[in-house]
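These notes concern the structure reproduced below.
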């Protein structure tokens, strides 16, 4: 199917929007009237710019408050329409969106509405233009798609059809099945938007909270299925009003937008991109650091051993059980300080995983490696984290570890940490929903519920994506509104142990600093649960936090922060699904008290 | 009445919150459990800190999901409660909030609820503690204040009373009149919050959008009236969950919060602060600039003349009709570049206006002036703009102009600009609602509706405050979420003329640069209104924008921006109430294209 996007969905001046849409790979655009009015380009120049960019102009929108009004008012409306039709000729666009009237002058008279729309269509036809009539969810008298269609049917003019908008249909709770009763050739246009499920005024919901398909709670794919079965063959066009996207850079938003349409088309069976290859584990986490000492000290205290060194790059491999941490002191580190730069994902088919990612517009990372290095297929996640698809010591696949030269080392602690439990990645503030969609669609992970966490200085949101057996867990987090000082919010690596108390003690005894937790927290634990005094005293001493859900318990504690990274030690009962989110405010408050080591 | 604030209403660590509340002048606080849990201070230390700061601890909150549950669960709840009562003794607080249960285990059985609450109260009494039971708007079986009161009445225990919360009552649409039927001594606590009127899920509404009384749409004062008539004599306590306040600095938020309670008490007749003195005009706008030339050139081209110079400061007075602009090249200018620093408000009683402002916690500005200068009463608005209460050439009052020495000058243009129509002040992103409350309560201005304006790079909001005859109009604006580059969003001074075309032409002919407006805008004007081609051509040539409401028309155009300031020329029909907001997207897009002069 052809793909299109309404200019209102992207930030910036009209030309920025067009460039972003074209670069992302859209076939066409809907030109939103306000974007045209504000543009210094003439309609002819806009047309030429679109042609240069390889974009068709699929729709001009909107015309409002046209139909079912008193006749003198309708006369003025026709005059206004004629002006706009002339403009559309200059733009080279042949379809106009007419929204059902919200005017207080409009009367509840379907016959009059049909008569007026027929008159409008006659005029449009003279200009070679088609009118697509759409029910706004808050239309004064016409607010459902089937009602709009009945009026179009009654008007019975070849230049008049209907426009369907997934938001207006699904927000009203209409059954989209009836779409199949509309002849496909009378569906002139299809606009797609998702939205989080919220109980709120539908106009405000629509104007501020729309999002791209797959980012919200509507069954947009189901609706598209009905539209396809009706015989629609026009573009799939995104029309998203969203306060955040209005501010975010147009380029990345356009890519996210097109990805959502690609995923949508796959789910409806319209396309068959390479199948997702779900990762089966976390092969490694890669830290970059300008100063190897502080991180090495923490890793050593945690029981890791430096077991190997990369043959051609300044990268060390630290290992304990199946937990592997790469320590990279290359050039990137000197720029940004200590941070989590990349994740190695165990993949049964690394090349296939990369093909999947590439087909869904994930930027493929340049492979700056020596000729003798093993192939590493890597893409960038929306937050810039590198995702490496790889295999560790499996006979059928080359192992990424073969790029590393073993070094003499003491054995790592054998009964301590056995793998990476999860990674917590901080997302750019405007890409929280996109990040979940990316990890779901590109990696085939499942997304859990989003939770709010009260940091002392603002509200955070967190949402985890996991594979079925929990061997890959990534917690995506986003800070409060983007103030300047929040760029550096820390990421973390959570390490799994079967005996948290021993692991934490060993870390501390080896010189590691555990994050101290408020004594008041333990009084609350005593009120909530029946711990022995000894247990509580041990938890307090080590800063261990506790949570429990229906299926099990979760114990966890934290190291101090180095640069933008810290470590968590976790002991997770098999059934426990969460990440101790209810303890996060206490942890965050404690971290605000301690300054990062450097 | 004593004033109090829940710690959850303020940003930061517990000690920051306490300090901010005390500095603002609150008498007490409610300690929110999570703030205590996260604090490194012990309960005894918190108690001592509050005592040092002169704050009482009025409430500990909350206890949840206590009542009407199976008996083994209730046993655990009592155990938990006993822990918390011990904690409260250490804190030195004698009232605890118990919210109506949201637990899925709770049953719909008022008698059982009353029985459990009585048991809880008996236990509390042993600790010298009172239990205040409150209906959450989303409580599972108890969600209205009268229902909660019936249960309290049935439980009939001296240590059990009710807590009223204006949000829970007004968000449910309950009639607060029934509050008067509750004996005053059984109302143990009163929590106050306002909220914008929104149709949305009440839990989300409450958790994210509460605001201080007077900032939202509820009749909080009316509710407080009922509570007073019931005989309540406890504190008025603010409990506001707000995503923005969670991030904003605690100090200013606490001052805003207390101001809202002072205004509330006045409106209920509980206090009589100095009456508001409504300004009767704009005496001057004061620009600071590091380089006098660019602004002088624009003022000259606009027809202003430099008529006087301050006797002791580097400040020039420029005048045209009743429009006066001060140009200040003092030290502040070199720090921040060209900007709008202060507004002179014509006041029938400048000293009285300042007393009013001071009584409502407006920071009084230091008067760095020479001994011979006229007294200038000045306070700072929430955005930092200086507000000077003054008189211009009125016999009964000293005139601020007497500090100025006339200089030889050409006459200003006599038939051009005659006064300042309005000022547009950019507000800090987190103080939009506060700014409107400040201008209403401190200055006695009326607030118009808030409007959304689509800037190409994000959504802006704007809200005007005016006096009755429109001689003082201030448009308060706020940008989209706070990204780093938006500190410098421009303010502007709108100048009134009776003949915009002549004034704009004269400005251009004198070398001024008018902001060019997209030609497409004029095509749209032609579609909407019946202008002659000549008129439209003139508007296009001069960049004049047009708007119309039921009572009149509005024509306006803009100069280019200097630093953070630009000028608008406006011709306003008497009846027109707006500011051309619907043209703002076109103007903003044009301004993004032009770079500021310096």
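The values are calculated or read from the model by the stated rules, or taken from the named source; none is laboratory data. Note that this is a predicted model, so its numbers are computed, not measured. Glycine gets a Cβ as well: all are built from the backbone with ideal geometry, and neighbour counts include every protein chain shown.
Taking the stretch A:186-210 as the range and being within 19 Å of residue B:454 (Cβ to Cβ), within 14 Å of chain B (Cβ to nearest Cβ) and not in a loop (DSSP other than H, G, I, E, B) as the test, the residues that pass are A:203, A:204, A:205, A:206, A:207, A:208, A:209. For the stretch A:59-77, give me each residue that is at pLDDT 95 or above and within 31 Å of the chain's Cα centre (by Cα). Passing the criteria: A:59, A:60.
Looking only at the stretch A:522-576, residues that are outside any loop (DSSP other than H, G, I, E, B), touching a residue at least 40 places away in the same chain (Cβ under 8 Å) and closer than 19 Å to residue A:505 by Cβ come to 14 in all. State which residue is farthest from the other protein chains (Cβ to nearest Cβ) when the search covers only the stretch B:13-35 and only residues that are buried (at least 23 other Cβ atoms within 10 Å of the Cβ) and outside any strand (DSSP E or B). Here the answer is B:26. With the condition kept exactly as written, say whether any residue in the stretch B:508-525 is within 23 Å of the chain's Cα centre (by Cα) and modelled with pLDDT of 95 or more. Looking for residues that are within 23 Å of the chain's Cα centre (by Cα) and modelled with pLDDT of 95 or more, one finds none in the stretch B:508-525, hence no. Selection over the stretch A:128-140 of residues that are touching a strand residue (DSSP E or B) at 6+ places or on another chain (Cβ under 9 Å) and in a loop (DSSP other than H, G, I, E, B) gives a count of 5. Scanning the stretch A:216-232 for residues that are modelled with pLDDT of 95 or more and surrounded by fewer than 22 Cβ atoms within 10 Å (Cβ to Cβ) yields A:219, A:221, A:222, A:225, A:226, A:228, A:229, A:230, A:231. Of the residues A:332, A:341, A:301, the single one that is surrounded by 20 or more Cβ atoms within 10 Å (Cβ to Cβ) and either assigned by TED's automatic domain parsing to the domain that holds residue A:499 or closer than 22 Å to residue A:384 by Cα (or both) is A:341.
Of B:254, B:275, all but one fail to be away from chain A (no Cβ under 14 Å) and buried (at least 24 other Cβ atoms within 10 Å of the Cβ); the exception is B:254. Assess whether residue A:543 counts as being surrounded by 20 or more Cβ atoms within 10 Å (Cβ to Cβ) and within 14 Å of another protein chain (Cβ to nearest Cβ). Here the answer is yes, as residue A:543 does meet what is asked.
One residue stands out in the stretch A:62-75 among those that are more than 14 Å from every other protein chain (Cβ to nearest Cβ) and touching a residue at least 24 places away in the same chain (Cβ under 8 Å): the one that is surrounded by the most Cβ atoms within 10 Å (Cβ to Cβ), namely A:67.
Can you report the number of residues in the stretch B:432-453 which are part of a strand (DSSP E or B) and either modelled with pLDDT of 90 or more or out of contact with any helix residue (DSSP H, G or I) (no Cβ under 6 Å at 6 or more places or on another chain) (or both)? The total comes to 7.
Only one of the numbered conditions (1) under 27 Å from the mean Cα position of the chain (by Cα); (2) touching a residue at least 60 places away in the same chain (Cβ under 8 Å) is violated by residue B:171, and that is (2). Would you confirm, using the coordinates I've provided, whether residue B:424 is at pLDDT 95 or above and touching a strand residue (DSSP E or B) at 6+ places or on another chain (Cβ under 7 Å)? Criteria met by residue B:424.
Of the residues making up the stretch B:504-538, those that are closer than 20 Å to residue B:567 by Cα and within 14 Å of chain A (Cβ to nearest Cβ) are B:515, B:516, B:517, B:518. There is at least one residue in the stretch A:424-435 that is surrounded by 15 or more Cβ atoms within 10 Å (Cβ to Cβ), more than 14 Å from chain B (Cβ to nearest Cβ) and within 23 Å of residue A:355 (Cβ to Cβ). Of everything listed in (1) surrounded by 15 or more Cβ atoms within 10 Å (Cβ to Cβ); (2) touching a helix residue (DSSP H, G or I) at 6+ places or on another chain (Cβ under 8 Å); (3) within 14 Å of chain B (Cβ to nearest Cβ); (4) free of Cβ contacts under 8 Å to residues at least 60 places away in the same chain, the single unmet condition for residue A:501 is (3). Scanning the stretch B:100-120 for residues that are within 17 Å of residue B:78 (Cβ to Cβ) and surrounded by fewer than 22 Cβ atoms within 10 Å (Cβ to Cβ) yields B:103, B:105, B:112, B:115, B:118, B:119. The criterion of at least 2 residues that are within 20 Å of the chain's Cα centre (by Cα) is met by the following helices (runs of 4 or more DSSP H) wholly inside the stretch B:221-317: B:243-247, B:250-268.
Just one of the numbered conditions (1) touching a residue at least 40 places away in the same chain (Cβ under 8 Å); (2) over 27 Å from residue A:414 (Cα atoms); (3) away from every other protein chain (no Cβ under 12 Å) is not true of residue A:446: (1). Restricting A:213, A:183 to those that are buried (at least 24 other Cβ atoms within 10 Å of the Cβ) and either touching a residue at least 40 places away in the same chain (Cβ under 8 Å) or more than 13 Å from every other protein chain (Cβ to nearest Cβ) (or both) reduces the list to A:213. Given the condition within 14 Å of another protein chain (Cβ to nearest Cβ), closer than 30 Å to residue A:109 by Cα and modelled with pLDDT of 95 or more, answer yes or no: does some residue in the stretch A:36-58 qualify? Scanning the stretch A:36-58, I find no residue that is within 14 Å of another protein chain (Cβ to nearest Cβ), closer than 30 Å to residue A:109 by Cα and modelled with pLDDT of 95 or more, so the answer is no.
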